Amino acid sequence: MSMQQIIEKVRTFDGVLVVQPGPDSGLPELAWGDAFFYYAPDGRMPTNVQPYGTIVTKDYPDDTSSELGDGRWRVNVHVGRATFVELAGEDPRRLSRSRDLAAVDVVMPHPVYGELGWLAVVNPGAATLELVVRLLTEAHAAARARFERRRT
């Protein structure tokens, strides 16, 4: 499944807003080509919450360890602590940092935001694709639940 196919799958979630910055978006050039997933049933980008998932297509100044670009991209998903421990094998608050963060098709802590409960997969493939879609689905449901709690 390609990056675009993952984005199209996420677009099928109810209340989702997929933001894909480009030259006419008014968003920073650094984010152009990436995708950000929000629960936003009104269709407007939230100003007070972070996305629950992202796809990045290039290295950022503080995030170069995945060696992104030239066909390499990474899905990032915010997950609960139990899921993080189950899939990463360690507590997000005590990460060992002894991983190949450029490995392809492997679930690992996000190179920068792992301590905050984010998992990442560079170029999801046969080993991780189904899991990535499941994690994005669960993250969407969690974002929706947070939205509903804030609304009441």
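Residues in region 113-136 that are in a helix (DSSP H, G or I) and under 13 Å from I6 (Cβ atoms): L129, E130, L131, V132, V133, R134, L135, L136. Taking the conditions exactly as written (within 15 Å of the chain's Cα centre (by Cα) and either part of a loop (DSSP other than H, G, I, E, B) or under 17 Å from P124 (Cβ atoms) (or both)), does E67 satisfy them or not? In short, no. Restricting attention to region 1-17, the residues that are within 20 Å of G69 (Cβ to Cβ), surrounded by 16 or more Cβ atoms within 10 Å (Cβ to Cβ) and touching a helix residue (DSSP H, G or I) at 6+ places or on another chain (Cβ under 8 Å) add up to 1.
Going residue by residue through region 101-112, is there one that turns out to be loosely packed, with under 14 Cβ neighbours inside 10 Å and either over 18 Å from M3 (Cα atoms) or in contact (Cβ under 8 Å) with a residue 24 or more places away in the chain (or both)? So far as region 101-112 goes, no, none of its residues is loosely packed, with under 14 Cβ neighbours inside 10 Å and either over 18 Å from M3 (Cα atoms) or in contact (Cβ under 8 Å) with a residue 24 or more places away in the chain (or both).
Within region 74-100, the set of residues being of a type in the set (A, V, I, L, M) and either surrounded by 12 or more Cβ atoms within 10 Å (Cβ to Cβ) or over 19 Å from the mean Cα position of the chain (by Cα) (or both) comprises V75, V77, V79, V85, L87, A88, L95.
The residues in region 10-27 that are modelled with pLDDT under 95 and not hydrophobic (A, V, I, L, M, F, W, C) can be counted, and the count is 3. Residues that are in contact with a helix residue (DSSP H, G or I) (Cβ under 6 Å, 6 or more places away or on another chain) and either assigned to a loop (DSSP other than H, G, I, E, B) or of a type in the set (D, E) (or both) were ranked within region 92-112; the one that is modelled with the lowest pLDDT is L95. Looking only at region 23-43, which residues are more than 16 Å from the chain's Cα centre (by Cα), closer than 18 Å to L68 by Cβ and without any contact (Cβ under 8 Å) to a residue 24 or more places away in the chain? Matches in region 23-43: P28, E29.
Summed over region 19-51, the residues that are in contact with a Phe, Trp or Tyr (Cβ under 6 Å, 6 or more places away or on another chain) and in a loop (DSSP other than H, G, I, E, B) give a count of 4.
I'd like the full set of residues that are touching a Gly at 6+ places or on another chain (Cβ under 6 Å), within 16 Å of T137 (Cβ to Cβ) and either hydrophobic (A, V, I, L, M, F, W, C) or surrounded by fewer than 18 Cβ atoms within 10 Å (Cβ to Cβ) (or both), limited to region 18-60.
As a first pass, look at region 18-60 and keep what is touching a Gly at 6+ places or on another chain (Cβ under 6 Å): 32, 37, 39, 41, 57-58.
From what is left, the residues that are within 16 Å of T137 (Cβ to Cβ) are 37, 39.
Once the filter is applied, which keeps residues that are touching a Gly at 6+ places or on another chain (Cβ under 6 Å), within 16 Å of T137 (Cβ to Cβ) and either hydrophobic (A, V, I, L, M, F, W, C) or surrounded by fewer than 18 Cβ atoms within 10 Å (Cβ to Cβ) (or both), region 18-60 yields only F37.
The values are calculated or read from the model by the stated rules, or taken from the named source; none is laboratory data. These numbers were taken from a predicted model, which means no experiment stands behind them. Neighbour counts run over all protein chains shown; Cβ positions are idealised from the backbone, glycine included.
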